[in-house]
1. When you scan segment 146-154, do you find a residue that is at pLDDT 95 or above, of a type outside the set (Ser, Thr, Tyr), assigned by TED's automatic domain parsing to the domain that holds residue 115 and surrounded by fewer than 20 Cβ atoms within 10 Å (Cβ to Cβ), even just one?
2. Looking for whichever is surrounded by 16 or more Cβ atoms within 10 Å (Cβ to Cβ) and not assigned by TED's automatic domain parsing to the domain that holds residue 140 here; the options are 90, 28. Which one fits?
3. Take residues that are more than 16 Å from residue 105 (Cβ to Cβ), among the charged types (D, E, K, R) and touching a residue at least 24 places away in the same chain (Cβ under 8 Å) and tell me which of the strands (runs of 3 or more DSSP E) falling wholly in segment 136-227 contain 1 or more.
4. Could you look through segment 31-41, keep only residues that are of a type in the set (A, V, I, L, M, F, W, C) and assigned to a loop (DSSP other than H, G, I, E, B), and pick out the one that is surrounded by the most Cβ atoms within 10 Å (Cβ to Cβ)?
5. Within segment 66-77, is there a residue that is part of a strand (DSSP E or B), of a type outside the set (Ser, Thr, Tyr) and crowded, with 19+ Cβ neighbours inside 10 Å?
6. Go over the candidates 44, 13 one by one and state the one that is part of a helix (DSSP H, G or I) and either over 30 Å from residue 179 (Cβ atoms) or in contact (Cβ under 8 Å) with a residue 40 or more places away in the chain (or both).
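The values are calculated or read from the model by the stated rules, or taken from the named source; none is laboratory data. Treat the numbers as computed from the prediction; the structure is a model and nothing was measured. Backbone-built Cβ (ideal geometry, glycine too); neighbour counts: all protein chains shown.
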Amino acid sequence: MNRALFPPGVCVATGPSAHDDPLHPAEAELTIEMGPARRAQFAAGRACAQRAMRELGVPCGPVLRGLRRAPRFPDGVIGSITHTGDFFMAAVARSASFAGVGIDAERNRPLSERAAARICEPHELAALRALPGRSAEHWAAIVFSAKESLYKAYFPVTGFFIGFRDAEVALFPEADDAGRFAAKLVRADAPEAAEQRDFAGRYACDSERVVTGLVIPLPSDRARSAR
């Protein structure tokens, strides 16, 4: 389910694993003031990132922190880390292949009406009510995750914070447990990411969780020069 979220060129790793390597010393420094539970979460996420980088075939280095505590990958690598409960996942790609990568996992259960209304505009909720198979609040859980994936791909590219109402998401189910989504920036002063305001991603569900993934392509001129 996880690999189908992304095009070729993106590597995904999930965890936890019984064979996780210890944190890099520079990563371990970031955990000094964390409690045991938070430290374990941090280590599991970084271990997924390291496994994904090894699969990608790039030199592994510490995944540190950038602006707003976003993961900062080694030079030449872009990526995203997520977790929900005891499930962890990381997605990475070469910066010569994509401008941004976002991934997010959430519990597969309906949001409250209040939460759905906070995350979605009224017309987004109206569109979700027209979709079959789930309540609007259950579809809204996928929209929530899709907007998180968009943010995780968008923010490292632009350094600009966007909230849930700064982007709109439309879902396009293809099966009971998977489909596509389209996302677009609607906040007027939000800058383009790699010359784009419209983005596309995929989602997949199982009985426990919803996972979404999104990549921001390079602008056409940069993509041609990277070939």
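1. Checking segment 146-154: not a single residue is at pLDDT 95 or above, of a type outside the set (Ser, Thr, Tyr), assigned by TED's automatic domain parsing to the domain that holds residue 115 and surrounded by fewer than 20 Cβ atoms within 10 Å (Cβ to Cβ).
2. Numbers: 28 fails: surrounded by 16 or more Cβ atoms within 10 Å (Cβ to Cβ).
Just a single option satisfies the conditions, and that option is 90.
3. Ranges flagged: 167-175.
4. Here is the first cut: in segment 31-41, the ones of a type in the set (A, V, I, L, M, F, W, C) are 32, 34, 37, 40.
Going one step further and asking which of them are assigned to a loop (DSSP other than H, G, I, E, B), we end up with 32, 34.
On the way: 32: 7, 34: 13.
Within segment 31-41, the match that is surrounded by the most Cβ atoms within 10 Å (Cβ to Cβ) is 34.
5. Scanning segment 66-77 turns up at least one residue that is part of a strand (DSSP E or B), of a type outside the set (Ser, Thr, Tyr) and crowded, with 19+ Cβ neighbours inside 10 Å.
6. When all the criteria are applied, what remains is 44.
Table: residues versus (1) more than 24 Å from residue 153 (Cα to Cα); (2) at pLDDT below 95.
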position: 1; (1), (2): no, yes
position: 4; (1), (2): no, yes
position: 11; (1), (2): no, no
position: 14; (1), (2): no, yes
position: 17; (1), (2): yes, yes
position: 20; (1), (2): yes, yes
position: 41; (1), (2): no, yes
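Rundown of residues vs (1) in contact with a strand residue (DSSP E or B) (Cβ under 6 Å, 6 or more places away or on another chain); (2) not β-branched (Val, Ile, Thr), yes/no style:
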site	(1), (2)
136	no, yes
142	yes, no
149	yes, yes
153	yes, yes
162	no, no
165	no, yes
171	yes, yes
178	yes, yes
